[in-house]
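Notes follow once the structure below has been shown.
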Amino acid sequence: MRYVFLLGLAITLYGGESLVVIANKNFPLDTLSNEQVKQIYLRKIRFIDTVLMIPLNYAPTDPLRQEFERSVMKMSPQKLKRYWMKKHYQGVRPPLTQNSSTSALLFVKKVDGAIAYIPQKVLGDHTHDIIILYH
């Protein structure tokens with residue numbers, strides 16, 4: 001049985017709300033570790049089983065992205081910039097950018113392999129479509 005999964009990372013945003021990582025209901029796993037999330041976002045894990053991973057990000061100035069990079073990626077913006085410059089010449093592209101956590105949520109619901117981090121409050125009425133694995 002496949003589920004949309006949420007991995008609640010031990011992250012508290014500046015407003016005191018939790019951040020969760022979500023994936024499409026056809027995602028091949030039901031949990032991910034913090035390290036696996038990082039590897040997916042660095043495009044070091046490109047496939048799980050035969051499913052292409054499509055990580056979603058936000059603009060570099062977005063506070064949600066800044067918190068994710070600090071707390072999950074544990075990388076400074078400068079270090080990530082250098083990383084992606086190097087990967088660019090190897091033909092590896094950074095995660096797709098979304099304008100909002102709501103658009104990321106909708107993208108994840110429609111695209112197999114999509115993965116995103118969003119504030120837990122954004123889930124709202126979408127919880128009937130997903131399983132929350134960790135708070």
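The values are calculated or read from the model by the stated rules, or taken from the named source; none is laboratory data. Quantities reported herein were computed from a predicted structural model and do not represent experimental measurements. Quick reminder, even Gly has a Cβ in these numbers, built from the backbone with ideal geometry, and neighbours come from all protein chains shown.
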In segment 90-126, what count of residues is obtained for those that are of a type in the set (G, A, S) and surrounded by fewer than 17 Cβ atoms within 10 Å (Cβ to Cβ)? 4
Kindly state which helices (runs of 4 or more DSSP H) lie completely within segment 1-120 and contain at least 1 residues that are among the aromatic types (F, W, Y), modelled with pLDDT of 95 or more and under 15 Å from the mean Cα position of the chain (by Cα). 34-41
Restricting segment 36-47 to residues that are more than 14 Å from K87 (Cα to Cα) and without any contact (Cβ under 8 Å) to a residue 24 or more places away in the chain, the residue that is surrounded by the most Cβ atoms within 10 Å (Cβ to Cβ): Q36
Going by the conditions given, is M85 of a type outside the set (S, T, Y), farther than 20 Å from S18 by Cβ and free of Cβ contacts under 8 Å to residues at least 12 places away in the same chain? yes
